[in-house]
Amino acid sequence: MIAVMFEDLDSFLRDLARRKVTLTPGETVFLQGDLVRHIYFVISGAIELIRHQASGAPLVIQRAGPGAILAEASLDSARYHCAAVAVAKSALWAVSKKDLLRRMAENPNLALAFVRRLAHELQNALSSRGAVDEDSRSPARRMVRLAGLASAQGRMDWPCGRTRR
């Protein structure tokens, strides 16, 4: 089991290979521009996702805590679009991007579960910001991409009970 906080995804990921990563404050999970090899699930602690702007100034784009998925936007990218740095003692599960994408192709309902999770994150971001801004468009783009992965398989069970062919 990934963790109780990932119960919406657990039935899809339960037997997927993963490794536990433990970090102390200041340790890096990945750097902006690194090749994407893993998607990370935060078990405990806090991780900041930081994007370096053209001026070199760091911009914290997310503070991820238990239950968050790091680098989900990187499912559709060869390189990480930001850096991830622990800001507290943290534990993560690292899952192979390749294995996760293969599992999504085999089971489109996993892609739909990711879409639901991202939609929830988007709703929370919009509620806390009160408006759509540049940061909130990224989760929307990720949702569309993941929905496309699921639909590409030709069948997907939609929440309303209809099946799309």
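Bear in mind that the values in this text are calculations on the coordinates, not laboratory data. Treat the numbers as computed from the prediction; the structure is a model and nothing was measured. Cβ atoms come from the backbone with ideal geometry, glycine included; neighbour counts cover every protein chain shown.
Give the Rg/Rh ratio for the stretch 8-89, taking Rg as the radius of gyration of the Cα atoms and Rh as the Kirkwood radius, to two decimals.
0.97
What is the extension gain from N109 to S96, computed as 0.36 nm multiplied by their sequence separation minus the C-alpha to C-alpha distance, in nm to one decimal?
2.8 nm
Over the stretch 47-124, what relative contact order in percent results from Cα pairs under 8 Å that are six or more residues apart?
It rounds to 27 percent for the stretch 47-124.
From the backbone phi of the stretch 67-82, what are the Karplus-calculated ³J(HN,Hα) couplings (6.51 cos²θ - 1.76 cosθ + 1.60, θ = phi - 60°) in whole Hz, Gly and Pro given as x?
x, 7, 10, 8, 6, 5, 5, 7, 4, 10, 9, 7, 10, 5, 8, 7
Compute the signed sum of charges (Lys and Arg +1, Asp and Glu -1) over the other residues within less than 12 Å, Cβ to Cβ, of I47.
Neighbourhood net charge equals 0.
Using θ = phi - 60° and the Karplus curve 6.51 cos²θ - 1.76 cosθ + 1.60, what whole-Hz ³J(HN,Hα) does each residue of the stretch 44-60 get, with Gly and Pro shown as x?
8, x, 8, 10, 9, 9, 10, 10, 8, 7, 3, 6, x, 5, x, 10, 6
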